[in-house]
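See structure below.
The values are calculated or read from the model by the stated rules, or taken from the named source; none is laboratory data. All values reported here derive from a predicted model rather than from experimental measurement. For neighbour counting, all protein chains shown are included, and Cβ atoms are generated from backbone atoms with ideal geometry for every residue, glycine included. Calculation scope for accessible area: heavy atoms of the full protein, side chains included, ligands and nucleic acids excluded. Shrake-Rupley method; radii C 1.70, N 1.55, O 1.52, S 1.80 Å.
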Amino acid sequence: QLHSDVDKGDGSIKYILSGEGASSIFIIDENTGDIHATKRLDREEQAYYTLRAQALDRLTNKPVEPESEFVIKIQDINDNEPKFLDGPYTAGVPEMSPVGTSVVQVTATDADDPTYGNSARVVYSILQGQPYFSVEPKTGVIKTALPNMDREAKDQYLLVIQAKDMVGQNGGLSGTTSVTVTLTDVNDNPPRFPRRSYQYNVPESLPVTSVVARIKAADADVGPNAEMEYKIVDGDGLGVFKISVDKETQEGIIIIQKELDFEAKTSYTLRIEAANMHVDPHFLTLGPFSDMTTVKIIVEDVDEPPVFTSRLYSMVVSEAAKVGTIIGTVAAHDPDASNSPVRYSIDRNTDLERYFNIDANSGVITTAKSLDRETNAVHNITVLAMESQNPAQIGRGYVAITILDINDNAPEFAMEYETTVCENAQPGQVIQKISAIDKDDPPNGHQFYFSLTAEAANNQNFTLQDNKDNTATVLTRRNGFRRQEQSVFYLPIFIVDSGSPSLSSTNTLTIRVCDCDADGIAQTCNAEAYILPAGLSTGALIAILACVLTLLVLVLLIVTMRRRKKEPLIFDEERDIRENIVRYDDEGGGEEDTEAFDMAALRNLNIIRDTKTRRDVTPEIQFLSRPTFKTIPDNVIFREFIWERLKEADVDPCAPPYDSLQTYAFEGNGSVAESLSSLDSISSNSDQNYDYLSDWGPRFKRLADMYGTGPDCLYS
């Protein structure tokens, strides 16, 4: 309540209120000065309100006292429960931890005023999780309450923690949260093999680096605490097998290091140790953290291919060796207990030219062809060894045959030389330096000797000087070379090698005479300018050749034209000769209809019928007898011939299904003069004498022999 000393209680003074919450939360009785709250107040929302009050004269509305300021403080009550703002919680603690090991601290917050009463004084307690864990009442620190908690037995616990205000007294408010505690692993479990011994069977043909078996020691720990290493500590297979660890599964992998051989050893025994890699010193009393087991490996017999005594055979043979020469011998045997006989052969994919043969029983390799080192200096062949009892078992051996060189190639020029000599060359001038090559490969290198052949040794134009370094120099002997006299010289050079026996060859050096400039550089070596006056020019030769070619073309054209004229006119199948098809909708009268056309043309055909042939191909020449029809006009004969051929074409199933051009060699049925052929006269009763044909010369000798009556007549 506000009251002014000026107020006499007569109602002349009124009170007004301003500031925080005035008129909305707080109101004042303007007559008495009593201040009232209009709604429920919450200290947690606002603990203080600052207001201003003033007393005014009711009539003049003027202040009778200065404005005064006052503060309204909200007194707290216990209306808020404790809250765990960070809950729920998760925490971890190592297994086997001692009692009292701190796990995690939980904190609850109470919104009430901590300075007024016990409304904000919180006490912690555990509702769920005993007897494994406990909590400090004042601090909220959770600790282990039991020793030797084993993760392998139970690895997770759920705790319920309560926070209660009013120092835990009755009537206080409370809140709860959950805490999930996980026991983390420690290396408290040593590895142990489930069995004290293992046995595995493996074939002897198993390749090196193959996996024989996988074994694993059990370890209840996880992560790094379960990591193990395996090693072979004893046994007769120390050098044959090795063991490694699979990082994912922690298994021990037994791998072959050397090839197995049933015939040499049938079984192996290994002592294998598994040990933890990370041992915790706090738990050494639970050890030892390693274990041992025995692994027995039984080798199974497998039918193996033959094995050669050497993986690579090196042999040498001279290229002069005759066919059938023995080069060397290979040997292989069956490694199995049966020791089956072995037969040998050469893989012809490695000896396509079949230079070598091998004895199937003894393995002796011989030459089958003449060898040439210059073609192939080394032959790499594969020899196959096959079991007689099981041909599917094939072993392979490799043979390198080196061909030894002999002197079987003569030396020759190292290149094709283009040698020139200037017309103004002086005696003793070098015009060419030559060298030689030889396909052979002597051990001490090549040594060549150069000289002119005997017939060229005394020539007056050029000489040869051997430089003793496998080269030679060609020099001039005279001056005054002239192209018009001789434009090309041929110099035979004799080359001998140093082989045993030595070989030689004669190589011809072509030397052209050229016109040179002042520096001795050839300008032109063409001798045409000097040759043309003695013969035809190039233009004349070209003209003559053009005329000859023109004549040949004309002859070919004439022959072609004559051949075309002789060819009969036949139907070209590539040309589609057909008429336009016109459709009519009227019908004929059939066979009884004789009014549409003249039937006389189809009757009384006085013509000899021949065998029907296709009319869309070239007809053959028909030699028919020609009876005389003197009483029938020519037009009737041809009309009958045409109608007959038309009928044949209509009923011919082989004729094309469209109109086609038909060509016939028919001239009629006869002539007034009858036949003029002399072929019929040979059988006639003619009395004519043909002996005069013998006097007409050799061109008529054939006719004279046919028709003559002499003693040499063919028909006498």
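Observations on the model:
- Answer from 259, 273 - the residue that is within 45 Å of the chain's Cα centre (by Cα) and not aromatic (Phe, Trp, Tyr): 259
- Residue list for the range 414-449, filter: open to solvent by 30 Å² or more (accessible area, probe 1.4 Å), over 30 Å from residue 327 (Cα atoms) and under 52 Å from the mean Cα position of the chain (by Cα): 414, 415, 416, 417, 418, 435, 437, 447
- Residue check: residue 495 meets all listed conditions (1) at pLDDT below 90; (2) touching a Phe, Trp or Tyr at 6+ places or on another chain (Cβ under 8 Å) but one, namely (1).
- In the range 148-172, the residues that are free of Cβ contacts under 8 Å to residues at least 24 places away in the same chain form no Cβ pair under 8 Å with any partner that is hydrophobic (A, V, I, L, M, F, W, C), whether six or more places apart or across chains.
- Residue that is farthest from residue 173 (Cα to Cα) [pool: residues in the range 117-140 that are aliphatic (A, V, I, L, M) and surrounded by 17 or more Cβ atoms within 10 Å (Cβ to Cβ)]: 135
- Meets criteria (farther than 30 Å from residue 111 by Cβ, of a type in the set (A, V, I, L, M) and open to solvent by less than 50 Å² (accessible area, probe 1.4 Å)) for residue 56: yes
- If you go through the range 59-116 and keep only what is touching a Ser or Thr at 6+ places or on another chain (Cβ under 8 Å), open to solvent by 80 Å² or more (accessible area, probe 1.4 Å) and not charged (D, E, K, R), you end up with 59, 71, 77, 85, 88, 90, 98, 99, 105.
- Looking only at residues of the range 385-412 that are part of a strand (DSSP E or B) and open to solvent by 30 Å² or more (accessible area, probe 1.4 Å), we find that the one that is nearest to residue 439 (Cα to Cα) is 412.
- Being touching a Gly at 6+ places or on another chain (Cβ under 6 Å) and modelled with pLDDT of 90 or more holds for only one residue in 383, 378, 364, and it is 383.
- For the range 271-304, a tally of residues being of a type in the set (A, V, I, L, M), out of contact with any Asp or Glu (no Cβ under 8 Å at 6 or more places or on another chain) and surrounded by 18 or more Cβ atoms within 10 Å (Cβ to Cβ) returns 3.
- Test for residue 186: is it open to solvent by less than 60 Å² (accessible area, probe 1.4 Å), of a type in the set (A, V, I, L, M) and either within 25 Å of residue 94 (Cα to Cα) or outside the structural domain of residue 263 (by the TED database) (or both): yes
- The range 517-532 residues that are open to solvent by 50 Å² or more (accessible area, probe 1.4 Å), paired with ones that are part of a strand (DSSP E or B) and modelled with pLDDT of 85 or more (beta carbon under 6 Å, 6 or more apart): 523/515; 524/515
- Considering (1) within 60 Å of the chain's Cα centre (by Cα); (2) surrounded by fewer than 18 Cβ atoms within 10 Å (Cβ to Cβ), the lone condition that residue 486 does not fulfil carries the number (1).
- Flag if residue 249 is among the hydroxyl-bearing types (Ser, Thr, Tyr) and within 30 Å of residue 334 (Cα to Cα): no
- Strands (runs of 3 or more DSSP E) wholly inside the range 286-378 that include at least 2 residues being small (Gly, Ala, Ser): 312-318
- Criterion violated by residue 250 - all others in (1) at negative phi; (2) surrounded by 16 or more Cβ atoms within 10 Å (Cβ to Cβ) satisfied: (1)
- Reported count of residues in the range 445-482, each being within 30 Å of residue 404 (Cβ to Cβ), touching a residue at least 40 places away in the same chain (Cβ under 8 Å) and not hydroxyl-bearing (Ser, Thr, Tyr), is 4.
- Considering the range 306-350, the residues that are open to solvent by less than 60 Å² (accessible area, probe 1.4 Å) and polar (S, T, N, Q) include one that is nearest to the chain's Cα centre (by Cα), namely 350.
- In this structure, residue 462 does not qualify as over 60 Å from the mean Cα position of the chain (by Cα), open to solvent by less than 30 Å² (accessible area, probe 1.4 Å) and over 25 Å from residue 411 (Cα atoms).
- Criterion (assigned by the TED database to the domain that holds residue 204, within 21 Å of residue 196 (Cα to Cα) and touching a residue at least 40 places away in the same chain (Cβ under 8 Å)) met by exactly one of 229, 263: 229
- Given (1) open to solvent by less than 50 Å² (accessible area, probe 1.4 Å); (2) closer than 19 Å to residue 152 by Cα; (3) of a type in the set (A, V, I, L, M, F, W, C), number of the condition residue 222 does not satisfy: (1)
- Residue check, residue 337 out of contact with any strand residue (DSSP E or B) (no Cβ under 9 Å at 6 or more places or on another chain) and within 18 Å of residue 388 (Cα to Cα): yes
- Each residue in the range 679-704 was checked for being modelled with pLDDT under 65 and hydrophobic (A, V, I, L, M, F, W, C), and 2 pass.
- Within the option set 217, 163, being open to solvent by less than 20 Å² (accessible area, probe 1.4 Å), small (Gly, Ala, Ser) and not assigned by the TED database to the domain that holds residue 146 holds for one residue only, 217.
- Scanning the range 39-53 for residues being in a loop (DSSP other than H, G, I, E, B), open to solvent by less than 70 Å² (accessible area, probe 1.4 Å) and either free of Cβ contacts under 8 Å to residues at least 60 places away in the same chain or assigned by the TED database to the domain that holds residue 110 (or both) gives a total of 3.
- Residues located in the range 187-203, provided they are modelled with pLDDT of 90 or more and of a type outside the set (Phe, Trp, Tyr): 190, 191, 192, 194, 195, 196, 197, 199, 201, 202, 203
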